[in-house]
Amino acid sequence: MKEKIGYSLLRDPRKNKGTAFTLEERKKYGLEGLLPEQVETLETQMLRINGQLGLIDLPINKYIYLTNLLTTNQTLFFNLIMNDPAKFLPLVYTPTVGEACEKMGHISRGVKGLFISIHQKDHIKEILRNWPEEDIRFTVVTDGGRILGLGDLGVCGLGIPIGKLALYTGCAGVPPEYTLPIVLDTGTNNEAFLNDPLYPGIRQKRITGPEYDDFIEAFVKAVNEVYPNICIQWEDFKGVDAIRILNKFQDKVCTYNDDIQGTAAIATAGYISVSRLMGKPFTEQKFLFLGAGAAAFGIADLLVQKFQKDGLTREEALEHIWMFDVNGLLVKSRNDLADYQKQFAHSGDFTNDFSEAVLRVKPTAIIGVSTVGGAFNQRVIENMSLINERPIIFPYSNPTSHSECTAEQAYTWSKGTAIFASGSPFAPVEYEGKTFTPGQGNNVFIFPAMGLAIFATGAKRVTDEMFITAAEAVAEQVTPSDFENGLIYPQVKDILKVSINVAVRIAEKIFETGLAGVKKPYDIREFIISKMYIPAYK
Ligand code: NAD
C-alpha cells in the first residue's frame, strides 16, 4: 500500500534525502514523479552542492545558501561541515554570522528556532511545546543584547544560537534533533532596527531591572519543566546581564555561559599549552591583564582555580595575577575598585603607564581585554622582551581593529621571540626569513565538546572543574609538529577528533564528581562515540 507522504518528506529536513531516495522508497512513499529518475549517492549530491557554492562569491550569500540547506536537507548540510570544518566554520559562524544577524530581518527564510517575547511571559511553556521535537537536551539562548562586537541586534541575534548549535553538531556530533535555538525578545535599543519596517522583533526599547529578571526566571522555569533534561547555554548577553544570570542559575540547573566560561577555558588552554611548549610548570606563569572587566574576570577566575589545582594556595595563586584598567594598575591603595576587582589588587606602587607596569610586575604573559586597539605598543612589547626570553603576548579584544596589537607588531618588536595568540584571526607573518603562524583563542575547541559530554552523560550541572578539564584536554591535543609551526592550539581541520578527546575527558570528570544522569559505562570513549550524530541517510 502506497503512503502518500512523499511531498512532505521532501520538506522535512531531518528525513529528506532528495535524489538519494531509493526506487523502493519512491514507490512506497509516493515520491515517483516528484524527483528525476536517476538515484544519486550522498557523494554525488555533495558534488552538486560544492559546485553551486563555488558559483557564489560573497560569504553572506554562501551563508544564505547553507542555512537554506539546513532547513531542507540536514544530512547534506552536516556532511559538508564535518568533511571540511576549516572551510565551513567561517561561513556558518564567525565572521559571516555577524553580518547575517545584522541583515536577518532582510534575508531570513524558514523556521530555524524559537522567538519568545516579553509579552508572552505567561505562556512560555505553550510556546516551547510548539517546537516539533519533544526531547530537547540543549538550547543556546540569546537576548541579542551584545552580538559579537556588533552591539544590540535584538531578535536578529537568533542567528548566533542557530550557528552555534550547528557547530555543536558539526564539530562534535551532538545530534541536531536534541538541540533548539532560542531568542528572548526583550526589545532593542538599536535605533536603526526600531525604524526598519523589516525588523521582525517587538518595537520597543529593552526592558531592564526586575521585569527583565522575572522574564529570565520564568523562561528558565518553563524550559526545565517542558524539557527536564535540558542544558541552557547563555550566549551574547550584555556583560552585566551575563554575569548576573550565570551566578543566579549555575548551581540550580544545568547551565553555562560560553562567553564567560568557554572564553576563560580556551585562554587557559593557551597558557597550559605555552607552558608545555616552554617546558616550564604552569605555576611559574605570571599574568598581567590590560583591562579588568567581564572577560578579564572570567579568565582570571579560571586561572586561579588552575593554579590551585596545580598545588598553589588561593593567596599564592592571586599573586600570579595582576590587572591594569582604564585608571592604571590595580593596587590596594586604590579606592575606585569594584568588589570583584579587589581580590586582584596587590600591595605596591601605583602606575598609570602600562609599559612601566610590565617592568614592575614582571609578568610572563600579558593579556589584552581592554577593547583598546594598539594598547600593546612598541615599548610594552620591548619591555616584555627585556624580562622574558619568550614573552607571551595575547591581545584578546575583538574585533581586529580593537586588538591590542597585531601579530606582525608582536613578532617584529620582540625580534621574533613572542608567543602570540589573539581573539581575532591574523594571517601568518614573515620575520627575518621565518614564518610565524599566530594562534587564535577560538572557543570552538571547548563548547561543542562540552555539549557532547553533557549530552552523553546527562550531566546535572556544569562546573568550573569541567572547564579546567576541558582546557587541559585541549592543550594536550597540541602536537609537537604544531609547536614547531608556532601553534599553541590544535588545528580546526582536526576539530572532530579533538572534540571527542576533550569530551571524553570532561565526561570522566562528570562521572568522577557524581554529576552524571546515567550509569558510568565500562568504556567512556566508546560510549561517547556511540551517542554521536552521523550525517548519513538511514
Ligand atoms: P568590559 O567593558 O567589561 O571591560 C573592559 C575593561 O577595559 C575595563 O576594565 C576598562 O577599565 C578597561 N579599559 C578600557 N580602556 C582602557 C585603557 N585605555 N587602558 C586600560 N584599560 C582600559 O569588556 P569585556 O567584556 O571584558 O571585553 C573586553 C574585550 O575582550 C572585548 O574587546 C571583547 O571582544 C574581548 N573578548 C574576547 C573574547 C575572545 O574570545 N577573544 C572573549 C570575551 C571578550
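Quick note: the coordinates plus some simple rules give every number you see, no bench work behind them. Values in this document were obtained by computation on a predicted structure and should not be read as measured data. Because the Cβ atoms are built from the backbone with ideal geometry, glycine has one as well, and the counts that use them run over all protein chains shown.
Numbers below:
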{"item": "Per-residue [θ]222 nm for the chain (sum of -39500 (n - 2.57) over DSSP H runs n ≥ 4, rounded to 500)", "result": "-13000 deg cm²/dmol"}
{"item": "Under the span-like rule (Cα at least 20 Å along the axis, Kyte-Doolittle mean at least -0.5), DSSP H helices of the chain", "result": "209-226, 263-278, 294-309, 495-512"}
{"item": "Principal axis dimensions, largest first and in whole angstrom, of region 417-464 by Cα", "result": "52, 17, 15"}
{"item": "Against the rule of thumb 2.2 N^0.38 Å, how large the Cα Rg of region 370-513 comes out", "result": "1.19"}
{"item": "q = 0.06, 0.09, 0.13 Å⁻¹: log10 I(q)/I(0) that the Debye formula gives for the chain, counting C-alpha atoms only", "result": "-0.30, -0.69, -1.38"}
{"item": "Packing rank of 42-52, 376-386, where each peptide gets the mean count of other beta carbons within 10 Å, highest leading", "result": "376-386, 42-52"}
{"item": "Cα centroid separation, region 100-129 to region 287-335 (Å)", "result": "39 Å"}
{"item": "Simple spin-label estimate for Arg109 and Ile127 in nanometres, 7 Å along Cα-Cβ", "result": "2.6 nm"}
{"item": "Extension gain, Lys27 back to Lys497 (0.36 nm per residue minus Cα-Cα distance, nm)", "result": "165.2 nm"}
{"item": "Gyration tensor verdict on region 88-184 (Cα atoms; rounded if a/c is under 1.5, prolate if a/b is larger than b/c, oblate otherwise)", "result": "oblate"}
{"item": "Highest to lowest packing among 475-481, 16-22, scored as the average C-beta count within 10 Å", "result": "16-22, 475-481"}
{"item": "Descending semi-axes in Å of region 156-208, equivalent ellipsoid built from Cα gyration tensor", "result": "29, 11, 8"}
{"item": "Three principal axis lengths of region 211-299 [C-alpha, angstrom, descending]", "result": "50, 28, 18"}
{"item": "Distance violations [Cα-Cα > 29 Å] among Lys103/Lys531; Lys164/Lys252; Lys62/Lys493", "result": "Lys103/Lys531"}
{"item": "Those aspartates and glutamates that a straight Cα-Cα span of less than 17 Å connects to Lys342, excepting residues fewer than 8 apart in one chain", "result": "Asp301, Glu315, Glu316, Glu319, Asp325"}
{"item": "Exposure proxy order (Cβ contacts within 10 Å, fewest to most) of Val240, Val504, Val372", "result": "Val240, Val372, Val504"}
{"item": "Ordering of 495-503, 429-437, 350-358 by burial proxy (mean other Cβ atoms within 10 Å per residue, highest first)", "result": "495-503, 350-358, 429-437"}
{"item": "Inter-site label distance for Tyr431 and Glu389 at 7 Å from Cα along Cβ, in nm", "result": "1.7 nm"}
{"item": "Part-to-part distance (alpha-carbon centres) for region 398-474 and region 165-213, which is given in Å", "result": "26 Å"}
{"item": "Cα centroid separation, region 223-274 to region 475-536 (Å)", "result": "19 Å"}
{"item": "For region 1-140: rounded, prolate or oblate by the Cα gyration tensor [a/c cutoff 1.5]", "result": "oblate"}
{"item": "For region 461-509, diffusion coefficient by Stokes-Einstein and Kirkwood Rh (Cα), 37 °C, 0.692 mPa s, µm²/s", "result": "291 µm²/s"}
{"item": "Base-10 log of normalised Debye intensity for region 232-363 (one unit scatterer per alpha-carbon) at q = 0.09 Å⁻¹", "result": "-0.28"}
{"item": "Prolate/oblate/rounded call for region 452-538, Cα gyration tensor, a/c under 1.5 rounded", "result": "oblate"}
